[in-house]
Amino acid sequence: HSVRPGALTIAEDVSGMPTLGRPVHEGGFGFDYRLAMAAPDMWIKLLKESTDDQWEMGNIVHVLTNRRYKEKVICYTESHDQALVGDKTVAFWLMDKEMYTGMSLLTPANMIVDRGIALHKIIRMVTMALGGEGYLTFMGNEFGHPEWIDFPRVGNGWDYSHARRQWNLADMTHLRYIHLNNFDAAMHGLEEAFSFMHEGSHEYVSLKNEGDKLIVAEKGPLLFIFNFHPSNSYQGYKVGCGRPGKYKIVLDSDWAEFGGHERNDRHSVFFTGDSGADGRPHSLQVYSCSRTVLVLRKVDEQ
């Protein structure tokens, strides 16, 4: 920073070295951020070794929030470790060969693709919401790029066929990749509008329900309701919140532009009741649809 004051430095470190993200004058290493490297490892492990009905909400929350106080973190679901030869991306783990044949909007989505797109969205959103103070995407994985990266080398006969990224897929209006790309843009738009990832932002996880597969979290001015259940939607589900008043939907992964089913009226209004829930002083009731995230914000009562 003394050489270039405006530089942004990010440490890639798996040791958990203390003070890595603190200034040099405090005795630290001076990096602005560190990578949350446990998060992508967790997602790949879950996708490899278990079905989503076996995922533990408490474990997901623990891994995403287990970071040192006052050291800023860049969170991510995948990067080069997953996209290069030797592993598969999150999208590929979710949909595999269906990414070649089932991504057309000219035919109805099959169950594998529908599940994959739904989980791809909430995996990214819960990572962004709870994982740190910044969010990283990697070379097309934000829209579910269907193939890996492999540079020309002796082992592949100096082949160039996978030394590329097919950016055009995200622009093709007849393919479902555009839905994943739209959701990525909406996630970043949410941060730009409400700045929920800045250092010191309010963060409180009020619910980790293993039976219902729900996570409810307050982050900045927003209320996130994640439903990981493969089949159960909950009408009138009571969730706790920190502030009383009127709430509106600002993002729903089930919207049609994200490849969803529009099960919630996007103009719905929610009012807090007289009682609290999950250790929070106030509560409201929502329709939480399976494999979706619903994001609410408090608005002026007019």
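The values are calculated or read from the model by the stated rules, or taken from the named source; none is laboratory data. Here the structure is a predicted model, which means the values were calculated and not measured. As a convention, Cβ positions derive from the backbone with ideal geometry for all residues, glycine included, and neighbour counts pool all protein chains shown. To get the accessible areas, we keep the full protein, side chains included, count just its heavy atoms, and leave off ligands, DNA and RNA. Shrake-Rupley method; radii C 1.70, N 1.55, O 1.52, S 1.80 Å.
I'd like the full set of residues that are touching a residue at least 12 places away in the same chain (Cβ under 8 Å) and open to solvent by 10 Å² or more (accessible area, probe 1.4 Å), limited to the range 83-93. Steps first, answer last, please.
The initial filter retains those residues of the range 83-93 that are touching a residue at least 12 places away in the same chain (Cβ under 8 Å), namely 83-85, 87-93.
Across the range 83-93, the qualifying residues are LEU84, VAL85, ASP87, LYS88, PHE92, TRP93.
Per the conditions (1) closer than 16 Å to ILE10 by Cα; (2) under 16 Å from the mean Cα position of the chain (by Cα), the sole criterion not satisfied by LEU94 is (1). Residue selection: ARG176 fails the criterion of being among the charged types (D, E, K, R) and either loosely packed, with under 12 Cβ neighbours inside 10 Å or out of contact with any strand residue (DSSP E or B) (no Cβ under 8 Å at 6 or more places or on another chain) (or both). Of the conditions (1) touching a helix residue (DSSP H, G or I) at 6+ places or on another chain (Cβ under 7 Å); (2) open to solvent by 60 Å² or more (accessible area, probe 1.4 Å), VAL293 satisfies every one except a single condition; which number is it? Failed condition: (2).
Can you find a residue that is of a type in the set (Lys, Arg), crowded, with 19+ Cβ neighbours inside 10 Å and either touching a His at 6+ places or on another chain (Cβ under 8 Å) or over 18 Å from LYS121 (Cβ atoms) (or both) anywhere in the range 217-234? Show your work before the answer.
The first filter runs over the range 217-234 and keeps only residues of a type in the set (Lys, Arg), leaving 219.
Pick out the ones that are also crowded, with 19+ Cβ neighbours inside 10 Å and you get 219.
Filter again for either touching a His at 6+ places or on another chain (Cβ under 8 Å) or over 18 Å from LYS121 (Cβ atoms) (or both), leaving 219.
For the range 217-234, residues of a type in the set (Lys, Arg), crowded, with 19+ Cβ neighbours inside 10 Å and either touching a His at 6+ places or on another chain (Cβ under 8 Å) or over 18 Å from LYS121 (Cβ atoms) (or both): present.
Within the range 96-140, the residues that satisfy the criterion of being open to solvent by less than 60 Å² (accessible area, probe 1.4 Å), in contact with a Lys or Arg (Cβ under 8 Å, 6 or more places away or on another chain) and among the aliphatic types (A, V, I, L, M) are MET103, ALA109, VAL113, ILE117, ALA118, LEU119, ILE122, ALA129, LEU130.
One residue stands out in the range 179-202 among those that are under 12 Å from LEU222 (Cα atoms) and touching a Leu at 6+ places or on another chain (Cβ under 7 Å): the one that is surrounded by the fewest Cβ atoms within 10 Å (Cβ to Cβ), namely PHE194. Within the range 192-240, the set of residues being charged (D, E, K, R) and under 13 Å from LEU130 (Cβ atoms) comprises GLU203, LYS208, GLU218, LYS219.
Against the condition in contact with a Gly (Cβ under 6 Å, 6 or more places away or on another chain), surrounded by 14 or more Cβ atoms within 10 Å (Cβ to Cβ), touching a residue at least 24 places away in the same chain (Cβ under 8 Å) and of a type outside the set (S, T, N, Q), how does ARG34 come out, does it pass? Even if it seems obvious, please write down each step before you answer.
Numbers: in contact with a Gly (Cβ under 6 Å, 6 or more places away or on another chain): yes; surrounded by 14 or more Cβ atoms within 10 Å (Cβ to Cβ): yes; touching a residue at least 24 places away in the same chain (Cβ under 8 Å): yes; of a type outside the set (S, T, N, Q): yes.
In short, yes.
Restricting attention to the range 1-46, the residues that are hydroxyl-bearing (Ser, Thr, Tyr) and part of a strand (DSSP E or B) total 1. Residue check: is TYR69 more than 17 Å from PHE258 (Cα to Cα) and crowded, with 21+ Cβ neighbours inside 10 Å? Answer is no for this residue. So, in the range 153-173, of the ones that are open to solvent by less than 60 Å² (accessible area, probe 1.4 Å) and part of a helix (DSSP H, G or I), which residue ends up farthest from SER104 (Cα to Cα)? Selected residue: ASN156. For the range 265-302, residues that are farther than 18 Å from LEU222 by Cα and either of a type in the set (Lys, Arg) or at pLDDT 95 or above (or both) total 4. The residue pairs whose first member lies in the range 1-27 and is under 15 Å from LYS70 (Cβ atoms) and at pLDDT 90 or above, whose second member is open to solvent by 50 Å² or more (accessible area, probe 1.4 Å) and outside any loop (DSSP other than H, G, I, E, B), and whose beta carbons are closer than 8 Å, counting only pairs six or more residues apart or on different chains, are THR19/GLU26.
Pairs are defined by a Cβ separation below 8 Å, a sequence spacing of at least 6 or placement on different chains, a first member in the range 263-280 that is of a type in the set (Asp, Glu), and a second member that is in a strand (DSSP E or B); the pairs so defined are ASP278/SER206; ASP278/LEU207; ASP278/VAL216; ASP278/VAL239; ASP278/GLY240.
Among residues of the range 244-256 that are open to solvent by 40 Å² or more (accessible area, probe 1.4 Å), those with a Cβ under 7 angstrom from a residue that is β-branched (Val, Ile, Thr) and in a loop (DSSP other than H, G, I, E, B), sequence gap 6+ or separate chain, pair up as PRO244/THR272. If you go through the range 151-204 and keep only what is more than 20 Å from GLY140 (Cα to Cα), touching a residue at least 12 places away in the same chain (Cβ under 8 Å) and among the basic types (Lys, Arg), you end up with nothing.
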